[in-house]
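Engineer: This is the structure, below, for whatever I ask next.
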Amino acid sequence: MKKVVYGFSQKLFVVPFLILALILSACGKTENTQSNVKAGDGTSKHGKTSISMAFPSYNASYLPVFVAEKNKLFEKNNLVVSITKVQGGVIALRGLQTNEFQIISSLPESVINGIASGANIKLIGTFDDQSMYSIYTTSDIKKPEDLKGQVVATNRTGNGTDIQLRWWLQHNGLEPDKDVRIIEAGENSTRLQALVTGQAKLTILSQPTDLKAEAAGMHKLSLMRDDLKTYNHNMLIANGEFLKNNPEAAKGFMAAIAEATEYAKKPENKEEMVQIIMEKLEMSQGEAEKSVDFVLPALADKGKANIEGLEWAVKTAKEAGMLTGDITIDQLYDDSYIVD
């Protein structure tokens, strides 16, 4: 494979006034969800340590958390965990750095430069050790070569989603900003809107928006994990002060995620997983079954990160100009909170 060299377009995408609401409406919850005890800053309450956690999206990738909640695995590990849905990874990262959140989930590229620049945060694990993205096109695009001279919709130039999209284009023989024009279309729903309205021919989508793409007649051209073999998608990042002051709580959190993941992946529990996704994300049974089938193979055993995937993220973040300094995997990732 050729070395990836990135050139980024700074063009902005103007979202049209008329939105196809029925097609593009989110099929999962977007409100905050909290346990019956409000989590704080890692302090101890009634013998349990409180953890406030932020998700930049709400989808089936977080099945281990849903299972841990349902089966009271956080309580088993002396934790009270509160979950908040925030608008994007930037807000989640900001809250993590100020200790508003003790743990967040994010793409690795979003935090690599922050850690390299001295931010007191650390990757401690991952929900999934494969990419959760798919490449969707309008129905007239049958193969990558059909995209030459066409428009491609990305999220925001230089972020983790954009890096994966540009990597995929080059991996399939297309030079970004040369063979295709790249526009910024924002989050999943507006990227899909760009396809539906004909303003772009291709974009990259995560679940559950992929289900909306299929319903809208879009064509799944590629599953990212088939091309990008080494990746960690929804990683777990923790505040450094929290880790320093509450190492046992961090281990307890990862122990709960490990047990929940093992439970979720057992074939005899699949029907239960479908029911959990139906309830948590307000999906139909058919949608939930598709989401579970997509997510289960990618869930990382014990929450352990794919080291080659971390190396890929560092390499491509540097080539993309997101990482201006050097960083080692040991500086980036600490697996000592994972209990074997």
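Engineer: Which one of these is among the hydrophobic types (A, V, I, L, M, F, W, C), open to solvent by less than 10 Å² (accessible area, probe 1.4 Å), modelled with pLDDT of 95 or more and closer than 22 Å to Leu223 by Cα: Ala288, Ala250?
Structural biologist: Numbers: Ala250 fails: closer than 22 Å to Leu223 by Cα.
None of the others qualify; the one that does is Ala288.
Engineer: Next question, about the same structure. Sort out which residues of region 291-330 are among the basic types (Lys, Arg) and either assigned to a helix (DSSP H, G or I) or open to solvent by less than 40 Å² (accessible area, probe 1.4 Å) (or both), and write them in order of number. Even if it seems obvious, please write down each step before you answer.
Structural biologist: Just the residues of region 291-330 that are among the basic types (Lys, Arg), to begin with: 302, 304, 315, 318.
If the condition is that a residue be among the basic types (Lys, Arg) and either assigned to a helix (DSSP H, G or I) or open to solvent by less than 40 Å² (accessible area, probe 1.4 Å) (or both), then Lys302, Lys315, Lys318 are the ones that fit.
Engineer: Going through Val151, Val90 one at a time, which residue ends up being farther than 18 Å from Trp167 by Cβ and modelled with pLDDT of 95 or more? So that I can check it myself, show each step before the final result.
Structural biologist: On the way: Val90 fails: modelled with pLDDT of 95 or more.
Unique residue meeting the criteria: Val151.
Engineer: Please indicate, with yes or no, whether at least one residue in region 256-269 is at pLDDT 95 or above, closer than 20 Å to Ile103 by Cβ and outside any helix (DSSP H, G or I).
Structural biologist: no
Engineer: Please go through region 108-131 and give me each residue that is under 16 Å from Ala238 (Cβ atoms) and aliphatic (A, V, I, L, M), ordered by number.
Structural biologist: Of everything in region 108-131, those that are under 16 Å from Ala238 (Cβ atoms) and aliphatic (A, V, I, L, M) turn out to be Val111, Ile112, Ile115, Ala119, Ile121, Leu123, Ile124.
Engineer: I've got another one for you. Could you list, in sequence order, all residues of region 79-97 that are touching a helix residue (DSSP H, G or I) at 6+ places or on another chain (Cβ under 9 Å) and open to solvent by less than 80 Å² (accessible area, probe 1.4 Å)? Break it down stepwise before answering.
Structural biologist: From region 79-97, those touching a helix residue (DSSP H, G or I) at 6+ places or on another chain (Cβ under 9 Å) are 79-81, 83-84, 86, 89-90, 92-93, 96-97; that's our starting set.
Matches in region 79-97: Leu79, Val80, Val81, Ile83, Thr84, Val86, Gly89, Ala92, Leu93, Leu96.
Engineer: Cβ-Cβ below 7 Å, separation at least six or inter-chain, first residue in region 77-93 and farther than 17 Å from Gly186 by Cα, second among the basic types (Lys, Arg): which pairs?
Structural biologist: Within 7 Å, the pairs are Asn78/Lys48; Leu79/Lys48; Val80/Lys45; Val80/Lys48; Ser82/Lys38.
The values are calculated or read from the model by the stated rules, or taken from the named source; none is laboratory data. Note that this is a predicted model, so its numbers are computed, not measured. With ideal geometry, Cβ positions are generated from the backbone for all residues, glycine too; neighbour counts draw on all protein chains shown. SASA here: full protein model, heavy atoms, side chains in, ligands and nucleic acids out. Shrake-Rupley method; radii C 1.70, N 1.55, O 1.52, S 1.80 Å.
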